[in-house]
Amino acid sequence: MNPVTLALAVLGLTGFALGAVLTATGPFEMGVILMGLGLVFQVISLVRLKRAKAEVNAEGRSNARG
């Protein structure tokens, strides 16, 4: 797995968790913003994983025909 994709996934999970804690205990708006950013990072990492999987599958098909 690409290190950037892994970093985005970890950042997304951390941001969402921190946002949930802040929403429950302190500044509501800041917590909601962090939760939203965490979800955005998760979506970015999932898109990157899907693209990487598609590239691997395309390479496998081209090598099998070759």
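The values are calculated or read from the model by the stated rules, or taken from the named source; none is laboratory data. What you see is a predicted model, and the numbers here were worked out from it, not measured in a lab. No Cβ is skipped: glycine too gets one built from the backbone with ideal geometry, and neighbour counts run over all protein chains shown. Please note that ligands, DNA and RNA were not included when accessible areas were found on the heavy atoms of the full protein model with its side chains. Shrake-Rupley method; radii C 1.70, N 1.55, O 1.52, S 1.80 Å.
Could you go through segment 34-48 and let me know if any residue there is more than 18 Å from Thr14 (Cα to Cα), open to solvent by less than 100 Å² (accessible area, probe 1.4 Å) and either in contact with a Pro (Cβ under 7 Å, 6 or more places away or on another chain) or in a helix (DSSP H, G or I) (or both).
Yes, segment 34-48 contains a residue that is more than 18 Å from Thr14 (Cα to Cα), open to solvent by less than 100 Å² (accessible area, probe 1.4 Å) and either in contact with a Pro (Cβ under 7 Å, 6 or more places away or on another chain) or in a helix (DSSP H, G or I) (or both).
Search segment 1-18 for residues that are closer than 20 Å to Lys53 by Cα and pair each with any residue that is outside any loop (DSSP other than H, G, I, E, B) and among the polar types (S, T, N, Q) when their beta-carbon atoms are under 7 Å apart and the residues are at least 6 apart or on different chains.
As it stands, the answer is Thr5/Ser45; Leu8/Ser45; Ala9/Gln42; Ala9/Ser45, since those pairs meet every condition given.
Could you count how many residues in segment 8-33 are assigned to a helix (DSSP H, G or I) and open to solvent by less than 60 Å² (accessible area, probe 1.4 Å)?
Residues that pass the stated criteria total 10.
Let me confirm something: among Phe28, Phe16, Phe41, which residue is out of contact with any helix residue (DSSP H, G or I) (no Cβ under 7 Å at 6 or more places or on another chain) and among the aromatic types (Phe, Trp, Tyr)?
Phe28
Any idea how many residues of segment 36-66 are of a type in the set (Lys, Arg) and at pLDDT 90 or above?
Looking only at that region, the number is 4.
Please verify whether Asn57 is among the polar types (S, T, N, Q) and open to solvent by 100 Å² or more (accessible area, probe 1.4 Å), treating the condition exactly as stated.
Considered against the rule, which asks whether it is among the polar types (S, T, N, Q) and open to solvent by 100 Å² or more (accessible area, probe 1.4 Å), Asn57 comes out as no.
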